Structures are given as structure tokens and as C-alpha cells.
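Reading through the C-alpha cells given below for one structure.
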Amino acid sequence: MRRLAVLIAAALAASCSPALREPPSVASLASKPSSVKLPETASLLHEADLRWAKRPDVSAVGEAESLYLRAAELDDKDVIGLIGATRTKAWLTDHERGTKLRVDLAVSAVQTAQWCKRRDPKLAACDYWLAVAVGLQARELRITADDGLKTMVPALQRAIDGDPAYDDAGPDRVMALVLLRAPSWPLGPGDVEAGLTHAKKAVELRPDYPPNLFALAEALAANKDREGARAAYLKGKSLASGRREAQDPDAPFWIVEADEGLAKLRP
């Protein structure tokens, strides 16, 4: 995911504001009207998945967001809909052009992930998406960056402890990027060596997932191994090209990310 490479850039902001506030009700989050009306939660989730698969169609992903939230509203024990809604909001934050809309989506993603945590406090996926959402909020609302880091690192560690393979080794991948991008002690948790360790773990768990290779490349570059970084970007780009041929909707964005990473390594 391209967004993961920039989650922590805002952490250098001087001012501070809480990353987490009391979220509105799930009903309020689900108040956005949807063009699809289906009575059963299972049908809503299925229809949401079908629309999510149509990315990069922004309107289809927006419909998926509404359907996931509707499912979560109808079933007060549901977390699948909340996870799906957070994921779609995160994706939309990266693909909408309007600044205010991106801010609103990022804040709403945090609120939705908070409800996931309330409904299932021990579920690793809820911790993972909370960390991702808080990172996006930090990027869009820089005043939340400092407090956001204090939320992200523990949440990601819980996700690593609970389900390290989730989202193709997402917990270690995102933790690597947090540690690589955050300011180092005493200002923050940044640690390029620890970031490299987490990036290697992500690749070990899911070696064929391009974003894991990109996280490793960034970690290698941060640890002064430019040739290793170049090789990791090229391998990740090759994997992404294969996925593009297989019609993976995220593959074109991964190829762009690889090219951008390679460009930064040029003398």
C-alpha cells in the first residue's frame, strides 16, 4: 500500500493534539446514504466485497464503505464490517483529491477502528487498522502526529503478537515503516535498525507480497545499503508486474511506488 510509506512524515510537527477522541455512534458513521438497499448483514458484506474489488473505481469503493458500515450498524457484534469500512476509508484517503475530504475520511477511519476495538478488544485486525488509520490521520492532521505515534506502536505490537501474518504480514510491515519514519529517541520511537528487523520479518512471512519488499528496500536504504535497497525494489516491482497481469487492482500503484523508490536511490 502506497499510503504506508508516508504514514509517519507528519510526526515532526511541533504542535500536539489527541489522536483518539470519543467516536460517534456506528449509526452516525453509517448515516451516509447508499444506493444499494439490502436487508441482511451477510448480503451487505458480500455486496461490499464485490464493490471493494472494483478499485480503483472511487465511486465503487465509496459504495463499499457505506455497505460495510450498514452491516456494522445492523449487527452490534459485527467487526467484519467495521474492518472493511476502515480499510475502504484508508484507501479513499489516498485516492481523493480534496484536502477536507481526506481529513474527514482519515478521522472517520480512526473512529471506525475504535469501534472495532470496542467490539473485539483482542482482535489483532482491529489493532492493525487502528494503527493504520491513526497514521493516516497524522498525515492529514499534523497536530495529531505526536500522540498518534504513542497509539500506533503499542497497537502494532499487539497485532504482531496476535496475528503477524494478517494483511500479508501487515503488522511487521507497518511497524517497520513507523520505526523508519518516526523521529528517534528522545523525540520519538524511531529506530532504523529495529525497522530493518521488522521489514525482514514481513518478507520472511510473506515473501511474494510487493509492499513487504518495498518496506525492506526503505529499511535497507535507511541502513546505508543502497544496493540491497535497489535489489529489493526491483524484486518487488517484478512481483507487482506479475500481479498486474493477473488483474490485481493494487498492482499498478505498487509499480509506481517501486519506480519512485528506485528514483530516490539514483546518484
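The values are calculated or read from the model by the stated rules, or taken from the named source; none is laboratory data. Quantities reported herein were computed from a predicted structural model and do not represent experimental measurements. Cβ: placed from backbone, ideal geometry, glycine included. Neighbour counts: every protein chain shown. In case anyone asks, the SASA skips ligands and DNA or RNA and just uses the protein heavy atoms, side chains included. Shrake-Rupley method; radii C 1.70, N 1.55, O 1.52, S 1.80 Å.
Compute the acute angle (0 to 90°) between the alpha-carbon long axis of helix 251-265 and the principal axis of greatest extent of the alpha-carbon atoms of the chain; round to the nearest 10°. Once rounded, one gets 30 degrees. Close amide H contacts of Gly190 (hydrogens built in the peptide plane, cut-off under 5 Å, sequence separation of 5 or more or a different chain): Ser184, Trp185. The modelled label-to-label distance between Asp191 and Arg21, using points 7 Å beyond Cα along the C-beta direction, is 3.3 nm. Could you tell me which label, among [x] 19.7; [y] 19.1; [z] 18.6, carries the value of Kirkwood radius over Cα pairs in Å calculated for this structure? Recomputing Kirkwood radius over Cα pairs in Å here picks out [z].
The accessible-area ordering, largest first, of the residues Tyr166, Tyr128 stands as Tyr166, Tyr128, per a 1.4 angstrom probe.
Leu265 exposes around 10 Å² of accessible area when a 1.4 Å probe is run over every protein chain in place.
Computed with every protein chain present, the accessible area of Val103 is close to 30 Å² [probe 1.4 Å]. Phi angles of region 217-234 translate, via the Karplus equation with coefficients 6.51, -1.76, 1.60 and θ = phi - 60°, into HN-Hα couplings of 4, 5, 5, 5, 4, 5, 9, 6, 10, 5, 5, x, 5, 4, 4, 5, 4, 5 Hz per residue; Gly and Pro are given as x. The residues of region 90-217 have, on average, 39 Å² of accessible surface per residue, using a 1.4 Å probe with all protein chains present.
Helix-only estimate, please: 222 nm mean residue ellipticity of the chain, summing -39500 (n - 2.57) across DSSP H runs of length 4 or more and dividing by its residues, to the nearest 500.
On the way: 12 runs with 183 residues, N = 267.
Calculated mean residue ellipticity at 222 nm is -22500 deg cm²/dmol.
When the surface is traced with a 1.4 Å probe over the full set of protein chains, Glu140 keeps roughly 30 Å² accessible.
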